[in-house]
Amino acid sequence: SETSETLTELMHHMTSYGAAGIKITSSADLTRDTNRMRVCRAAIPDGPPFIIDLYGTVENAASTLPEARKWEDFNMLWLEDPFEFDDYPNLMELADGLPYRVGVGDEHTGLRHFQRLIEQGHISVLRLDATAAGGVRGFIEAAKMAAAHNVPVSTHVYHFLHTQLAAAVPNVKYVEYMLPESNAESIHLLMNAALNWDNGRL
């Protein structure tokens, strides 16, 4: 039921948070995604940059790059999770072929995986989820490794947990926040109070 009008309304609502970026979920059709992001950027021409999550739906870098390069016009923060779990060659080709960042890692675990994402996949944003990365200690160790490569960290969902880690780990630059009404996650149902927003920060 998505329309230009509903996308425009959603962009205005999300911009009201003052966040560092707005994530757009892919439709699994890159050409359609280009049109969707064009509508979104037209709705908020001076709004925050976009992140697009491809959910591992594209086959290879060669088929992705022609459309993904067009997205530079929409002020991109990064492109997220383009390929299957450990497709390092395609990840490297995509990352090297784009003028903006690629972020991966929220379903990975173990420092060796994170090291390969950075060194072999050439990603420029490490996505971390403490519930997958080995708990608090695993998260901190992976973030330290990313810092040694000058790679910033973005967290994955569970903002009640990850906001605390972001306060303790210097290179955690972005905390992912799912609007409660989206029902994308349910952690807010377990809490007595929400975390407040203040000038784009939790």
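The values are calculated or read from the model by the stated rules, or taken from the named source; none is laboratory data. Predicted model, so just to flag it, every value in this text is computed and none were measured. Cβ coordinates were reconstructed from backbone atoms using ideal geometry, including for glycine residues, and neighbour counts include every protein chain displayed. For accessibility, only protein heavy atoms count, side chains too; no ligands or nucleic acids. Shrake-Rupley method; radii C 1.70, N 1.55, O 1.52, S 1.80 Å.
Only residues that are in a helix (DSSP H, G or I), more than 18 Å from residue 104 (Cα to Cα), open to solvent by less than 30 Å² (accessible area, probe 1.4 Å) and small (Gly, Ala, Ser) were counted in the range 30-76, giving 1. Flag: residue 188 does not match the condition of being in contact with an Asp or Glu (Cβ under 9 Å, 6 or more places away or on another chain) and over 13 Å from residue 130 (Cα atoms). Condition first: assigned to a helix (DSSP H, G or I), open to solvent by 60 Å² or more (accessible area, probe 1.4 Å) and charged (D, E, K, R). Can you find one or more residues in the range 175-194 that meet it? Yes. In the range 77-117, what residues are assigned to a strand (DSSP E or B), open to solvent by less than 20 Å² (accessible area, probe 1.4 Å) and of a type outside the set (A, V, I, L, M)? Passing the criteria: 78, 80, 103.
Determine, yes or no, whether residue 120 is within 21 Å of residue 59 (Cα to Cα) and open to solvent by 20 Å² or more (accessible area, probe 1.4 Å). Answer is yes for this residue.
Scanning the range 146-174 for residues that are open to solvent by 80 Å² or more (accessible area, probe 1.4 Å) and in contact with a Pro (Cβ under 6 Å, 6 or more places away or on another chain) turns up just one, 173. A Cβ distance below 8 Å, combined with a sequence gap of six or more or placement on separate chains, defines the contacts here; from the range 189-202, residues that are free of Cβ contacts under 8 Å to residues at least 60 places away in the same chain reach residues that are among the polar types (S, T, N, Q) and part of a helix (DSSP H, G or I) in the pairs 195/163; 202/163. If you go through the range 134-145 and keep only what is open to solvent by 10 Å² or more (accessible area, probe 1.4 Å), assigned to a helix (DSSP H, G or I) and of a type outside the set (Asp, Glu), you end up with 135, 136, 137, 138, 140, 144, 145.
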